[in-house]
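The values are calculated or read from the model by the stated rules, or taken from the named source; none is laboratory data. A quick note: this is a predicted structure, and the numbers were derived from the prediction, not measured. Neighbour counts run over all protein chains shown; Cβ positions are idealised from the backbone, glycine included.
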Amino acid sequence: MRQGALNIAIKAARAAGTAILRSLNRLDSIPVVEKERYDFATEVDRAAEAEAVREIRRAFPDHAILAEESGASGSDRARFTWVIDPLDGTSNYLRGFPHYAVSIAQMDRGEAVLGVVYDPVRDELFMAARGSGATVNERKVRIGQRLGLEGALIATGLPYRQRRHLGAQLGMIRALLGEAEDIRRTGSAALDLCYVACGRLDGFFEIGLKPWDLAAGALIVREAGGRVTDFRGEPGFMESGNVVAANLKVGDAMLAAIKPELTPELARQ
């Protein structure tokens, strides 16, 4: 079923991407809802999500779904759950900043078994199936081989959902910039993870992400030969939302650099 499910994920992601591009010429007139402070949703998010869900439901009516806009649906006893972010980077999209993506993962009893991240602007399709490696537009990708933070390009996202952690985040950035070449803040965690997987970035870290931000991209990083952990170096990033993604050596260096900046709350997560 894995290849069939992957084909459906690709179809769903492309359908959502088409819905996103369809509204590019009317960005100024799109109604916007602020779900939380600085956390926006639009009718485009909902339309893209509806397209993705429709494709998945048509093929797998018994599977559960966890989607950013509509939440959880289907049986909580279902073996498979689809985790969907229909538009990761809504703020970028609304400003015409061309960096956003559709993210879709299939979970088997809580473990990601396939992931697709689609950038409709560049028509780049990142995907992975557990045990089968990672690709972008059907070309195999491998994580970068940098040996540490020297010369590294690291991406992050500022914790708009949890501004109480802003001081810790700025401390982490300061610590990493003591060794790394530079820091990027792009506005799409899903794409950041994929860029780590294919070597465009050397590492990524962020505080307080949601499962739909992480599920697909984290699998793509792992299948490209990378490692994804929480801030303690453990595999609990899906629960905490705190994530470090890189190859083994860069990841270890990142964890060492940010550890002194962790608040007691973050150190427990």
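Quick notes on this structure:
- Residue in the stretch 141-161 that is in a helix (DSSP H, G or I) and in contact (Cβ under 8 Å) with a residue 40 or more places away in the chain present: no
- Tallying residues that are in a loop (DSSP other than H, G, I, E, B), of a type in the set (D, E, K, R) and out of contact with any Leu (no Cβ under 9 Å at 6 or more places or on another chain) within the stretch 107-140 yields 3.
- Here the condition is being over 19 Å from Arg22 (Cβ atoms) and out of contact with any His (no Cβ under 9 Å at 6 or more places or on another chain); of Ala101, Ala50, Ala78, Ala134, it holds for Ala134 alone.
- The single condition among (1) surrounded by 21 or more Cβ atoms within 10 Å (Cβ to Cβ); (2) at pLDDT 95 or above that Gln169 does not satisfy is (2).
- Any hit, the stretch 252-268, residues being surrounded by 18 or more Cβ atoms within 10 Å (Cβ to Cβ), in the same structural domain as Glu179 (by TED's automatic domain parsing) and under 26 Å from Ile104 (Cβ atoms): no
- Any hit, the stretch 202-221, residues being in contact with a strand residue (DSSP E or B) (Cβ under 8 Å, 6 or more places away or on another chain), within 24 Å of Asn92 (Cα to Cα) and free of Cβ contacts under 8 Å to residues at least 40 places away in the same chain: yes
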